[in-house]
Amino acid sequence: MSNRRACRALRFDTSTYHDKSRRPGQAALERRIRENCETRVRYGYRRVHVLLRREGWLVNMKKTRWNYNELGLQLRSKHPKRRVKAKLGEDRQEADGPSDGWAMDFVHDQLTLGRKLRILTIVDTHSRFCPAADPRFSYRGEDVVQTLERVCANIGYPKTIRVVNGSEFISRDLDLWAYANGVTLDFSRPGKPTENGFIEAFNSKFRTECLNAHWFMTLADAREKLEHWRRDLY
């Protein structure tokens, strides 16, 4: 049956059948939303929308939410095991000079009396220089920003920082700090420590040479001994 006869049988206007949508394609926008969500696995549509606006996309919140839902990216209370890739996984390059790229992660230890410590370690992937090994009893996103600000005030800001998808590193505080200072957060895939191999190798050396060789009585004592070890490296 021809299209005209089919439209007449259905009492359907042939002009409507042949009408072409003039809406711009959504493929590029959908692809960018998916890339952002693959990198930042715990971002909702509102935070994805902020990233899009920063990149220059002229899109309103409703369109972002609609595409986000259509792609099935809604957050769930139980985290599924996702196969994600780092934001710079395909175009990642070796650092050409100091402060081109940093890597950071946490190391766990404890005081003599058993109280837990979390130590933020940072290493320059080019020079292997350690800008900081900062211990605290607990770390939040704003604490990471505070440590980075203290370090960067002395030696400058890096171009990229390789991090894992920990709650402190995907926080809004760190995201705003990185955006304001032109720093790219390069996220590695969950369960893939080799993608952040620089900090893994450094932390192994740090534990062997420092943490396993000392007892820490107080937080101040831990800071003093860690700083002495860090300065003794260079």
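Can you tell me which residue among Arg34, Arg82, Arg40 is among the basic types (Lys, Arg) and modelled with pLDDT of 85 or more?
Numbers: Arg82 fails: modelled with pLDDT of 85 or more; Arg40 fails: modelled with pLDDT of 85 or more.
The match here is Arg34.
Pull up region 112-130, narrow it to residues that are among the charged types (D, E, K, R) and not in a strand (DSSP E or B), then point me to the one that is least open to solvent (accessible area, probe 1.4 Å). Give the steps one after another, and end with the answer.
Initially, region 112-130 is screened for residues among the charged types (D, E, K, R), giving 115-116, 118, 124, 128.
From what is left, the residues that are not in a strand (DSSP E or B) are 115, 128.
Numbers: Arg115: 136, Arg128: 119 Å².
Among those residues, the one meeting the criterion is Arg128.
Just wondering, is there one or more residues in region 33-43 that are part of a helix (DSSP H, G or I), hydroxyl-bearing (Ser, Thr, Tyr) and either without any contact (Cβ under 8 Å) to a residue 60 or more places away in the chain or in contact with a Ser or Thr (Cβ under 7 Å, 6 or more places away or on another chain) (or both)? No, every residue in region 33-43 fails to be part of a helix (DSSP H, G or I), hydroxyl-bearing (Ser, Thr, Tyr) and either without any contact (Cβ under 8 Å) to a residue 60 or more places away in the chain or in contact with a Ser or Thr (Cβ under 7 Å, 6 or more places away or on another chain) (or both). With respect to (1) part of a helix (DSSP H, G or I); (2) open to solvent by 40 Å² or more (accessible area, probe 1.4 Å), the lone exception for Met1 is condition (1).
Here is a list: Phe216, Phe169. Which entry is under 15 Å from Ile122 (Cα atoms), among the aromatic types (Phe, Trp, Tyr) and surrounded by 18 or more Cβ atoms within 10 Å (Cβ to Cβ)?
Phe169
Considering region 14-68 alone, what residues qualify as being surrounded by 11 or more Cβ atoms within 10 Å (Cβ to Cβ) and among the acidic types (Asp, Glu)? Once the filter is applied, which keeps residues that are surrounded by 11 or more Cβ atoms within 10 Å (Cβ to Cβ) and among the acidic types (Asp, Glu), region 14-68 yields Glu30, Glu35, Glu38. Looking only at residues in region 146-165 that are within 19 Å of Phe198 (Cα to Cα) and open to solvent by 70 Å² or more (accessible area, probe 1.4 Å), the one that is nearest to the chain's Cα centre (by Cα) is Lys159. Would you confirm whether or not region 87-101 contains a residue that is modelled with pLDDT of 75 or more, in contact with a helix residue (DSSP H, G or I) (Cβ under 9 Å, 6 or more places away or on another chain) and farther than 19 Å from Leu185 by Cα? No, every residue in region 87-101 fails to be modelled with pLDDT of 75 or more, in contact with a helix residue (DSSP H, G or I) (Cβ under 9 Å, 6 or more places away or on another chain) and farther than 19 Å from Leu185 by Cα.
The values are calculated or read from the model by the stated rules, or taken from the named source; none is laboratory data. This is a predicted model, so every value here is computed, not measured. Positions of Cβ are generated from backbone atoms using ideal geometry, with glycine treated the same way; all protein chains shown enter the neighbour counts. Remember, those area values only see protein heavy atoms, side chains included, never the ligands or the DNA or RNA. Shrake-Rupley method; radii C 1.70, N 1.55, O 1.52, S 1.80 Å.
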